[in-house]
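Note sheet for the following structure.
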Amino acid sequence: MVSAIRLYAESDDQEKAQHFEAVLSSRGVQVEIETVEKLNARFFRLNPELALCVDADGLWLCANGMKMQPDWQAETGRLKRASLKSEMIARACNLSEKPSLVDATAGLGHDSLLMAHLGAQVTLVERHPILFTLLEDSHTRAQSDAFLSQVVSRINLVFSDSADYLKQQAEQQIVDVVYLDPMFPQRDQNQQAVKKQAQVKKQMQLLHMLLPEDGEMDLGDNLLELAQKIGKRVVVKRPRLAVFLAGKEPNHQWQGDACRFDAYFRHELVAE
Ligand SMILES: C[S@@+](CC[C@H](N)C(=O)[O-])C[C@H]1O[C@@H](n2cnc3c(N)ncnc32)[C@H](O)[C@@H]1O
């Protein structure tokens, strides 16, 4: 996990930079603030190493001439077009029932934003301190957006490893749905899916630079059993041709072009 990172800011944004320095330091990340004259495309091209930057639009991750943040504002159009009928994730997670839902692998929070928009009450869990801080910043900015404020009022953020969180919750509560979308090695996907992803998700490239830990990708197999302890239904998002999480066959599947949803039901509770 990244434990030290540079944070670029123009002189007008020093206060914000210091705020994020303090927040990240409380989460175990050492930040070195560097004041720059202009945070523009040329600057990012000339400084390709992984770093953070802050500007009028909040906190960003930058590398290789690109910058990205969990841009929830940019999702607004997609949210407005989405419906319970048109979204496979809505059927997989039974969103028409307005479930309580734990998304145990938050990432950029896009799936959860959609699920909260379609009615779920979401707890979003992320363990990576930098990613969590980016999410928190997006959540804060969304609160002052006329459309998104309603949606994010149904999203609660938790900074934790989900294995710990799910173990804790198992002693206290049952939720309707636990949603899992762990990282998956791209080489195991079919070529079409890889191509599509590369076009759509420049954001994911930066995410992948941030996330690998010592070259090892945590595939999240340990989360399934823990999730089943608290979820009446566990839904796992997988690339279309990927192996089952933890090698465990689901009770039901929804198949899309690039991805699928595997669902595990907790029969004894559903029947109650
Ligand atoms: C593929 S991304 C999820 C993308 C997300 N569904 C979205 O819509 O943006 C996987 C995320 O899960 C997080 N993650 C993986 N294992 C975790 C764990 N045990 N606890 C908390 N977060 C975890 C990773 O840090 C990463 O951010």
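The values are calculated or read from the model by the stated rules, or taken from the named source; none is laboratory data. In this text the structure is predicted, and so the values were computed from the model without any measurement. All Cβ positions, even for glycine, are placed from backbone atoms using ideal geometry, and neighbour counts span all protein chains on display. The accessibility values were calculated without ligands, DNA or RNA, using every heavy atom of the protein model including side chains. Shrake-Rupley method; radii C 1.70, N 1.55, O 1.52, S 1.80 Å.
Only residues that are under 20 Å from the mean Cα position of the chain (by Cα) and either at pLDDT 95 or above or not in a loop (DSSP other than H, G, I, E, B) (or both) were counted across segment 246-272, and they come to 5. Being within 22 Å of V234 (Cβ to Cβ) and crowded, with 18+ Cβ neighbours inside 10 Å is the requirement here; does L84 meet it? Here the answer is no, as L84 does not meet what is asked. The helices (runs of 4 or more DSSP H) falling completely within segment 41-93 that include 1 or more residues that are of a type in the set (S, T, Y) map to 76-81.
Of all residue pairs spaced 6 or more apart or on separate chains, those with beta-carbon atoms under 6 Å, a first member in segment 124-144 that is among the hydroxyl-bearing types (S, T, Y) and a second member that is open to solvent by less than 10 Å² (accessible area, probe 1.4 Å) are T133/L24; S138/P70; S138/W72. Determine if segment 6-28 includes at least one residue that is in contact (Cβ under 8 Å) with a residue 12 or more places away in the chain, open to solvent by 60 Å² or more (accessible area, probe 1.4 Å) and in a strand (DSSP E or B). Yes, segment 6-28 has at least one match. S83 passes every criterion in (1) within 12 Å of the ligand (Cβ to nearest atom); (2) farther than 21 Å from V125 by Cβ apart from (1). If only residues of segment 170-197 that are at pLDDT 95 or above and open to solvent by 20 Å² or more (accessible area, probe 1.4 Å) are counted, the one that is nearest to the ligand (Cβ to nearest atom) is D181.
For segment 143-152, the count of residues that are open to solvent by less than 60 Å² (accessible area, probe 1.4 Å) and within 13 Å of the ligand (Cβ to nearest atom) is zero. Within segment 155-169, restricting attention to residues that are away from the ligand (no atom under 12 Å from the Cβ) and surrounded by fewer than 19 Cβ atoms within 10 Å (Cβ to Cβ), the residue that is modelled with the lowest pLDDT is Q168. Among the residues of segment 199-229, those identified as more than 10 Å from the ligand (Cβ to nearest atom) and at pLDDT 75 or above are Q205, L206, M209, D221, L224, E225, A227, Q228, K229. For segment 230-245, taking the residues that are basic (K, R) and either within 11 Å of the ligand (Cβ to nearest atom) or at pLDDT 95 or above (or both), the one that is surrounded by the most Cβ atoms within 10 Å (Cβ to Cβ) is identified as R233. Of all residues in segment 148-164, those satisfying the criterion of being over 13 Å from F132 (Cβ atoms) and small (G, A, S) are S149, S153, A163. Within segment 235-264, residues that are more than 16 Å from V178 (Cα to Cα) sit with their Cβ atoms under 6 Å from residues that are within 14 Å of the ligand (Cβ to nearest atom) and assigned to a loop (DSSP other than H, G, I, E, B), at 6+ positions apart or across chains, in these pairs: P239/F184; P239/Q189; R240/A258; A242/F184.
If the condition is being out of contact with any Asp or Glu (no Cβ under 7 Å at 6 or more places or on another chain) and closer than 18 Å to R141 by Cα, then segment 25-58 contributes L52, C53, A56, D57.
Taken together, the criteria exclude D103 from residues that are open to solvent by 30 Å² or more (accessible area, probe 1.4 Å) and of a type outside the set (K, R).
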